[in-house]
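J.: Dumping the structure here so I can ask a few things about it.
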Amino acid sequence: MFDQHVVETFLQFVPLYPKGTTVTLSDGREGIIYENSGFHNLRPVIKTLDGTLIDLMASDNLNLTVITASKDEVFSPQEAEKDREKMVNQRRYRIMVVDDMKTNLHMLREILEPVYDVTLLKSGAQALLYLQKNEYPDLVLMDIDMPEMDGIEAARQIQEMTDRKIPILFVTALCDKNTVLTCRSMDAAGYIVRPYKPVYIKSEIKRILQGYSEV
């Protein structure tokens, strides 16, 4: 019914499965959309929760299909239009991600970049230097377990430098009592333990940014 060239051009700029969307495969595995351009518009590359990449275009995976988005991310045209209007009418929030693991930085960039402006830094020292020379971000996503300067100390120095104006969301594999109590004593905006689903970290960031914008 439609011109083939127009349809192909449309799919190139409006993928069927947006990057960062949580999906379920026909074999029951869950993951996020990792690549969705070119030939991958209809059969994207999926990154599972354990980090495995599954290319649905590969011959070994032709029996697999994306059966649905996660129940937490069911598509709603009305909600999508509201989100689009907000993105058009409001500036994009800036998020600074601090983590010494390159894989964690890349994963968070894939999850967040469709909606936010993301700055990736590999240490607390880099984060402090960045804040001295650049405009403050709207939120800091801070890993706790880092060498030389851990996330707790980096967060303390950031709070002192910025007069506690930037909310800090800790992301870590540590979940012991002392770490949790330390984060609470610092009045952190939140605390997320790995492994986590992308939809959860996105909802936490949205909750924090909306709360601070209302203050």
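J.: Determine whether Arg164 is on the phi > 0 side of the Ramachandran plot and surrounded by fewer than 17 Cβ atoms within 10 Å (Cβ to Cβ).
T.: On the way: on the phi > 0 side of the Ramachandran plot: yes; surrounded by fewer than 17 Cβ atoms within 10 Å (Cβ to Cβ): yes.
In short, yes.
J.: Test Arg156 against the criterion of being surrounded by fewer than 17 Cβ atoms within 10 Å (Cβ to Cβ), outside any helix (DSSP H, G or I) and outside the structural domain of Thr24 (by TED's automatic domain parsing), and give yes or no. Show your work before the answer.
T.: Details: surrounded by fewer than 17 Cβ atoms within 10 Å (Cβ to Cβ): yes; outside any helix (DSSP H, G or I): no; outside the structural domain of Thr24 (by TED's automatic domain parsing): yes.
The answer is no for Arg156.
J.: Here's another thing I want to ask about it. Please determine whether any residue of region 10-21 is surrounded by 10 or more Cβ atoms within 10 Å (Cβ to Cβ), in contact with a Gly (Cβ under 9 Å, 6 or more places away or on another chain) and at pLDDT below 80. Spell out the reasoning first.
T.: Let us first name the residues in region 10-21 that are surrounded by 10 or more Cβ atoms within 10 Å (Cβ to Cβ), namely 10-12, 15-21.
Now restrict to residues that are in contact with a Gly (Cβ under 9 Å, 6 or more places away or on another chain): 12.
After this cut, where a residue has to be at pLDDT below 80 as well, the list is 12.
Yes, some residue in region 10-21 is surrounded by 10 or more Cβ atoms within 10 Å (Cβ to Cβ), in contact with a Gly (Cβ under 9 Å, 6 or more places away or on another chain) and at pLDDT below 80.
J.: What number of residues in region 99-129 are in a loop (DSSP other than H, G, I, E, B) and of a type in the set (Asp, Glu)?
T.: 3
Residue-wise test of (1) of a type in the set (A, V, I, L, M, F, W, C); (2) in contact with a helix residue (DSSP H, G or I) (Cβ under 9 Å, 6 or more places away or on another chain); (3) under 30 Å from Asp50 (Cβ atoms); (4) assigned by TED's automatic domain parsing to the domain that holds Leu49.
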{"position": "Asp117", "(1), (2), (3), (4)": "no, no, yes, no"}
{"position": "Gly124", "(1), (2), (3), (4)": "no, yes, yes, no"}
{"position": "Leu141", "(1), (2), (3), (4)": "yes, yes, yes, no"}
{"position": "Ile152", "(1), (2), (3), (4)": "yes, yes, yes, no"}
{"position": "Met161", "(1), (2), (3), (4)": "yes, yes, no, no"}
{"position": "Ala173", "(1), (2), (3), (4)": "yes, no, yes, no"}
{"position": "Ala189", "(1), (2), (3), (4)": "yes, yes, yes, no"}
{"position": "Val199", "(1), (2), (3), (4)": "yes, yes, yes, no"}
{"position": "Ser203", "(1), (2), (3), (4)": "no, yes, yes, no"}
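The values are calculated or read from the model by the stated rules, or taken from the named source; none is laboratory data. Nothing here was measured: the structure is a model prediction, and the numbers come from that model. Methodologically, a virtual Cβ is constructed for each residue, glycine included, from the backbone with ideal geometry; neighbour enumeration extends over all protein chains shown.
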